[in-house]
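Working notes for the structure below.
The values are calculated or read from the model by the stated rules, or taken from the named source; none is laboratory data. Everything numeric here is computed off the predicted structure, so don't read it as measured data. With ideal geometry, Cβ positions are generated from the backbone for all residues, glycine too; neighbour counts draw on all protein chains shown. Just so you know, the surface numbers come from the protein's heavy atoms only, side chains and all, with ligands and any DNA or RNA stripped out. Shrake-Rupley method; radii C 1.70, N 1.55, O 1.52, S 1.80 Å.
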Amino acid sequence: MAAKVHLFKVEMTCEGCSGAVERVLNKLKGKGVEDVEIDLKEKQVAVTSSLSSEELLEVIKKTGKTTSYIGEKS
């Protein structure tokens, strides 16, 4: 399955929040996740991955942050 860029809205208020999200996603590097981009100001996370949006959403939710799936970046 080809990698797609999935966008998520994540309630992040500080570097610590974005760091937590980055850590859980980086654990999946080489297991479906290719790249993670975090925009703290916009509270958005872009994940380049061959995993499904549902799988990624569950991983991000492990941080305890309120997370929602926005959609695929075209």
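Numbers at a glance
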{"item": "Positions within region 1-16 being modelled with pLDDT of 95 or more and surrounded by 14 or more Cβ atoms within 10 Å (Cβ to Cβ), in sequence order", "result": "K4, V5, H6, L7, F8, K9, V10, M12"}
{"item": "Among residues of region 44-70, those that are crowded, with 17+ Cβ neighbours inside 10 Å, in a loop (DSSP other than H, G, I, E, B) and either in contact with a helix residue (DSSP H, G or I) (Cβ under 7 Å, 6 or more places away or on another chain) or touching a residue at least 60 places away in the same chain (Cβ under 8 Å) (or both), counted", "result": "2"}
{"item": "Which listed residue is open to solvent by 90 Å² or more (accessible area, probe 1.4 Å), in contact (Cβ under 8 Å) with a residue 40 or more places away in the chain and over 11 Å from the mean Cα position of the chain (by Cα), from K73, K31, K41", "result": "K73"}
{"item": "Search result, residues across region 55-74 that are touching a strand residue (DSSP E or B) at 6+ places or on another chain (Cβ under 8 Å) and more than 12 Å from V10 (Cβ to Cβ)", "result": "G71, E72, K73"}
